[in-house]
Structure formats: C-alpha cells, structure tokens
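The values are calculated or read from the model by the stated rules, or taken from the named source; none is laboratory data. Just so it is clear, the model here is predicted, and its values are computed rather than measured. Positions of Cβ are generated from backbone atoms using ideal geometry, with glycine treated the same way; all protein chains shown enter the neighbour counts. The protein model used for the area step is the full one, side chains on, heavy atoms only, and it has no ligands, DNA or RNA in it. Shrake-Rupley method; radii C 1.70, N 1.55, O 1.52, S 1.80 Å.
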Amino acid sequence: DHQSLLLSSPSLARWVWRNGGWKSLEREEDTWHRTGDRARACDAGFSVLGRERDLIITGGYNVDPAAVEQALLAAQLESIVFGVSDPTWGETIA
C-alpha cells in the first residue's frame, strides 16, 4: 500500500553526481527524481513512510521494520527492528 516517492520541479538540480561523474538531467526521462522514500496517499496529499532501503525482504515478503516496531510498542515492548542476512530467507527480522 505504498509507492516510491518521486519529485519533479523546475527548482531541482540540472546535474547530479552519479557513479563518479556528473550526469545531466536534461533528458525527459530524468525529469523525475527518485527520493529513496516510500509514501502513501492521504487526505493531506501524501505521507512519507520511511526509506526504501530500510525494508526487510524475507522469503519474498517486504517487511516494514517501523510497522513491526509499532506492533511491539502496542504490546508495550520497546524495540529496534532490522534485517539480518540469512542464507535461506535472504534476510530475517532481528
């Protein structure tokens, strides 16, 4: 229920540093900038859910560590949730 957050604006940089060099953003397919954030539409427009790289991919499922932390907090358990490399599942939740 989330999507990658993309931005487009005349005020965005025309050049970016990628892979050890400057890349022009003049081409039309580059007019949208991927922020690396996950977002969901809401009444206010959108809400940012967190970074895409923070998702834990375990057994083919995308697990949001913040959602796991919220569930544990609801059970009155404070926690920090993160992924740990696993040979079978790709990552496991720790």
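What the table shows:
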item	result
Magnitude of the charge dipole, the chain, Cβ model with Lys/Arg +1 and Asp/Glu -1, debye to 20	400
Environment charge of residue 53, counting only residues whose C-beta is closer than 15 Å and scoring Lys/Arg +1, Asp/Glu -1	-2
Per DSSP, loop GluC sites (Glu not before Pro) in region 1-79 with at most 13 further Cβ within 10 Å	26, 78
Average accessible surface area per residue within the chain, 1.4 Å rolling probe, Å²	78
Contour minus Cα-Cα distance for residue 92 and residue 9 (0.36 nm per residue)	26.0 nm
DSSP loop chymotrypsin sites (Phe, Trp or Tyr not before Pro) with at most 14 other Cβ within 10 Å excluded, longest remaining stretch of the chain	33-81
At q = 0.17, 0.21, 0.23, 0.24 Å⁻¹, base-10 log of I(q)/I(0) for the chain (Debye sum, equal scatterers on each alpha carbon)	-0.91, -1.06, -1.13, -1.17
Carbon + sulfur, % of accessible area of the chain - ligands and nucleic acids excluded, 1.4 Å	54
Among 41, 82, 16 - extreme Cα towards positive end, dipole of the chain, charges at beta-carbon	16
Degrees separating the helix 65-74 axis from the principal Cα axis of the chain, which is the longest one	40
